[in-house]
Every structure is written in C-alpha cells, then in structure tokens.
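The block underneath contains the structure these notes are about, expressed in structure tokens.
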Amino acid sequence: MPPLNFCTIGKVGTTEWRKIFCRLNDDDCIADPKACGKKQCVWRTTKQMPEGAPWAVFLRDPLERLLSGFLNKCHTPLQRRRENHCEPNFVFNPLTETTDGKNIQAPSLIEHLDDKDKQFFAAYVDVLPLKWNLHFIPQAIACDLYRNIGSYDFVGNMGEDFMSDLERMANQFGGQLPEALNTSFGYQKYLNSGEKNTGKDKKYKTGHATHAPEKVKKFYTAQTVRKGLELLSIDYVLLGLEVPEWARQMLRDDVS
C-alpha cells in the first residue's frame, strides 16, 4: 500500500493498531530480521517516509477513554501490580522496603473503599494530575494534534461509527489496509450486521477491549464528569469533539 503516517494514541485501540502496522510492515523484517526482534514485528517502519505521505488518526471520546484507561490499568489489583501504570503508584500500588532491601506489596490506600466502582474511579480522577500516565494524557498532546490536526488527511472516531470510519479509511488508502483492518477489527462483518459500536457487543471485539461505553453509568457520577471535563477540556475544544449526551444528561440530572 502507499506510505501512510499514523498517529497512535494510548487507549485508542493502540494494541490493535500496532498489530495492523506490523502486518503492513512485514517486508521490513524480510529486509532486516534483526530490526524486528524476536516477535518479528515492527509497527514503526524502518523505511524513510516520503515527504508528503498522508497522515491519519483515530480519536476517542475523552471521558470514555479516561474510563477505559482506568478499567485496563487500575481497576484490578493484578493489573496495577503487573504494569505499574495506575499512577501515582505510591497511592494506588505502594511498595514497602524490607530490612533486606527487597520491596513487598504494601496495603493500598483504596483497599477499604466500600464502592470499588464509583468511589475508586472518583479517587483516581482526583489524584490523576499528580502524575499523568501516557495512557491518560490528553489526545491533543499526541503528535502535536492541538496544532496540526487540521492538516490531517484522515480523522476517524472510535465511537458508535467506528466501523464505518474504518471502512472509510480502508477505501481512502486501499492497498493491503482493508484486509489488515478487517483482520483486527472485523469491520466488514459488523457493517453487514447493520449494528452500531455501543461497546456492548463482545462478539466483534478483541480480547483487549474494556467495553467502556456501556459502563459509564456504573463508574461515573456528575462530580467525576465535571472533573473529567476539567482535565480533558483541551481535547473537546481543540480537537472539535462533542461532550457525549450521557455526560450532559448526568450533569442536568444533578442540578434538577
């Protein structure tokens, strides 16, 4: 396929996008097997990209992305301990040094929360500004999107029309891309079913999915919606994203 620059953003399908570009760049491994490592995969091509190669990006609703990151990196103790991405770790994943110099797991400050959904999520959102993890930083910062998204050749949205946007991307750039996209996301079968991507239907999802869209009311409150909007307003303002109706309704219900 023709050369294509793609801006990957944490918690916007990055795991699948890397698989896709590994497939598209498999000839890089033939030319230089050592560059691809044991997995024989290079999602960032080793070739020189020609000047003027198109740029593409997928965005995601910032509030849903925030929850998706929390579910994937913070919600379970095993995930917090394995990846150390639920930062700041001294709050959510603390370690205590023993007399022999080894670190052992210490009790977390959230162990005794009665509500591990709304209360825990609210606690995380409150302390998030103390240390921004790469999975939670605003999308506008990635690839300097806040300055140059207007020059992108393709901008998709990982929302209800995600599958339609994948088809639009496949049609626009062609080559091996349609097959690679369908292998990872199964968009062709999804579109043939006439369904929307609501996050509820697991039969078309990957194992990495958190299904955040269907869980917003389980974890969000009006207070965390306000805090999330405060932290991520740059995405809504500079990337032209709309605050979702469920969040608007939650705020309306809180003042009625």
Are any of the residues in segment 120-129 within 20 Å of the chain's Cα centre (by Cα), modelled with pLDDT of 95 or more, open to solvent by less than 60 Å² (accessible area, probe 1.4 Å) and more than 30 Å from VAL91 (Cβ to Cβ)?
-> no
Breaking point among (1) assigned to a helix (DSSP H, G or I); (2) closer than 23 Å to SER68 by Cα; (3) open to solvent by 30 Å² or more (accessible area, probe 1.4 Å); (4) at pLDDT below 95, for ARG226 | (4)
Give the residues of segment 53-74 that are in a loop (DSSP other than H, G, I, E, B) and closer than 24 Å to PRO213 by Cα, sorted by residue number.
-> ARG60, ASP61, CYS74
Answer from PHE162, PHE121, PHE154, PHE185 - the residue that is touching a Lys or Arg at 6+ places or on another chain (Cβ under 8 Å) and closer than 22 Å to ASP61 by Cβ | PHE154
Which one of PRO50, PRO54 is within 24 Å of VAL155 (Cβ to Cβ), in contact (Cβ under 8 Å) with a residue 60 or more places away in the chain and more than 12 Å from the chain's Cα centre (by Cα)?
-> PRO54
Test result for ASP153, more than 30 Å from LEU128 (Cα to Cα) and modelled with pLDDT of 95 or more = yes
Pair list, Cβ < 9 Å and 6+ apart or interchain, from segment 10-22 residues that are under 18 Å from PHE136 (Cα atoms) to residues that are charged (D, E, K, R) and at pLDDT 90 or above | GLY10/ARG65; LYS11/ARG60; LYS11/ARG65; LYS11/LYS73; VAL12/ARG60; VAL12/ARG65; GLY13/ARG60
In segment 229-256, residue nearest to ARG147 (Cα to Cα) [restricted to those that are among the β-branched types (Val, Ile, Thr) and open to solvent by 70 Å² or more (accessible area, probe 1.4 Å)] = VAL237
In segment 4-49, anything modelled with pLDDT of 90 or more and not hydroxyl-bearing (Ser, Thr, Tyr) is listed as LEU4, ASN5, PHE6, CYS7, ILE9, GLY10, LYS11, VAL12, GLY13, GLU16, TRP17, ILE20
Selection within segment 50-93 - hydroxyl-bearing (Ser, Thr, Tyr) and modelled with pLDDT under 90 = THR76
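The values are calculated or read from the model by the stated rules, or taken from the named source; none is laboratory data. These figures come from a predicted structure and were not determined experimentally. Please note: Cβ atoms are built from the backbone with ideal geometry, for glycine as well, and neighbour counts cover all protein chains shown. Just the protein is used for accessible areas: all its heavy atoms, side chains included, with ligands, DNA and RNA removed. Shrake-Rupley method; radii C 1.70, N 1.55, O 1.52, S 1.80 Å.
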